Amino acid sequence: MGKSDVLRLILVALLSDGHVLLEGVPGVAKTLIARAFSRSLGLNFRRIQFTPDMLPSDITGTFIFNPKTTEFEFRKGPVFANIVLADEINRATPKTQSALLEAMQEKQVTIEGNTKILEEPFIVLATQNPLELEGTYPLPEAQLDRFMFRLLVPTSSHSEEIDILSRTMEGVDLYKVERVADAADVLEARTSVRTTVQVSPEVLDYIVSIIESTRGDKKRLLLGASPRTSVHLLNASRSLAALKGRHYVIPDDVRELVFHVMNHRLILNPEFALRTRVAVADFQYEQIGGIVSDALASVQPPR
């Protein structure tokens, strides 16, 4: 119920070959979104519950000795799926979190010198609780930069929560989610976006100018947006234009996506964060939102 904006942005990421970090308090349906989304596409889905004692091999898999054949056989880990839900990803140690880096960027994993290619399409949906700090490990900047979007999953409105209760009494079954596509359809759609949606030089200049404006904000930012931000913003804008039925990107597509692409990549200057008392997730979103709004206002969109 609700969450239509979140679902549309996950679809944009899927079409753009990107990954999504879902952030929200417990009980706002982050896991349900991932499971229902995978079922609607008929894709292979695996869930990884991250814990502090998890090892990288618990994600990627490892070689197991088979006494019958007297050989080591590779046993695949849960990362070998189309949609991987990394649940509470910030509960694992940085070493374990880094096991996803190669998979998310290169679509492969390397175990004991052996490279294994992941099946396409491949998308990581990770979740984290922004308020719980005990027993958690902040995601490294390199890990955050691999995600196309960080999406704040809001709590339901009053009317939506009434509908949730009504459907709960009716006994909603997740396994009855109707499949509307399959892996081949997703790959075909990705190809269509890449080959048919055009971007003018003026819009390309607009994207780069917005990204560059964050790098000059030294008073508020310790680190501005990376070049990968430009690539993700471009790819996401093309996918959004396709979903809107257009074969070209307009500045409004870029403006609609820029906060979701940037909010986890901009690192606040410690002095600015301390002065504005950025300690709670909502505060940080508010401050980053203001910086992104200023970046958009400083660049004249093409006509």
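The values are calculated or read from the model by the stated rules, or taken from the named source; none is laboratory data. Everything numeric in this text was worked out from a predicted model, so none of it was measured. No Cβ is skipped: glycine too gets one built from the backbone with ideal geometry, and neighbour counts run over all protein chains shown.
Brief remarks on what is shown
- The residue that is nearest to VAL79 (Cα to Cα), counting only those in the range 113-157 that are among the small types (Gly, Ala, Ser) and either in contact with a Lys or Arg (Cβ under 8 Å, 6 or more places away or on another chain) or surrounded by 16 or more Cβ atoms within 10 Å (Cβ to Cβ) (or both), is ALA126.
- Number of the exception - THR195 against (1) surrounded by 11 or more Cβ atoms within 10 Å (Cβ to Cβ); (2) more than 22 Å from the chain's Cα centre (by Cα); (3) closer than 19 Å to SER237 by Cβ: (1)
- Top-ranked residue in the range 210-227 [being loosely packed, with under 15 Cβ neighbours inside 10 Å and either modelled with pLDDT of 95 or more or of a type in the set (Lys, Arg) (or both); ranked as nearest to PHE149 (Cα to Cα)]: ARG215
- Verdict on GLY24 being over 26 Å from HIS232 (Cβ atoms) and either at pLDDT 85 or above or assigned by TED's automatic domain parsing to the domain that holds VAL109 (or both): no
- Summed over the range 115-146, residues that are at pLDDT below 85 and farther than 17 Å from ARG47 by Cα total 14.
- Some residue of the range 85-97 being touching a strand residue (DSSP E or B) at 6+ places or on another chain (Cβ under 6 Å) and without any contact (Cβ under 8 Å) to a residue 12 or more places away in the chain: no
- Of the set (1) in contact with a helix residue (DSSP H, G or I) (Cβ under 8 Å, 6 or more places away or on another chain); (2) surrounded by 16 or more Cβ atoms within 10 Å (Cβ to Cβ); (3) free of Cβ contacts under 8 Å to residues at least 60 places away in the same chain, all apply to THR110 but (2).
- Boolean, SER192 is within 30 Å of THR229 (Cβ to Cβ), touching a residue at least 12 places away in the same chain (Cβ under 8 Å) and among the small types (Gly, Ala, Ser): yes
- Yes/no for GLU202 being surrounded by fewer than 21 Cβ atoms within 10 Å (Cβ to Cβ) and assigned to a helix (DSSP H, G or I): yes
- Meeting the requirement of 1 or more residues that are of a type in the set (Phe, Trp, Tyr), the strands (runs of 3 or more DSSP E) wholly within the range 83-192 are 149-152.
- Residue match in the range 210-220 (condition: closer than 13 Å to LEU234 by Cβ and either outside the structural domain of ALA13 (by TED's automatic domain parsing) or in a loop (DSSP other than H, G, I, E, B) (or both)): yes
- The combined condition, being touching a residue at least 24 places away in the same chain (Cβ under 8 Å), farther than 25 Å from ASP17 by Cβ and in contact with a Phe, Trp or Tyr (Cβ under 9 Å, 6 or more places away or on another chain), is not fulfilled by PHE65.
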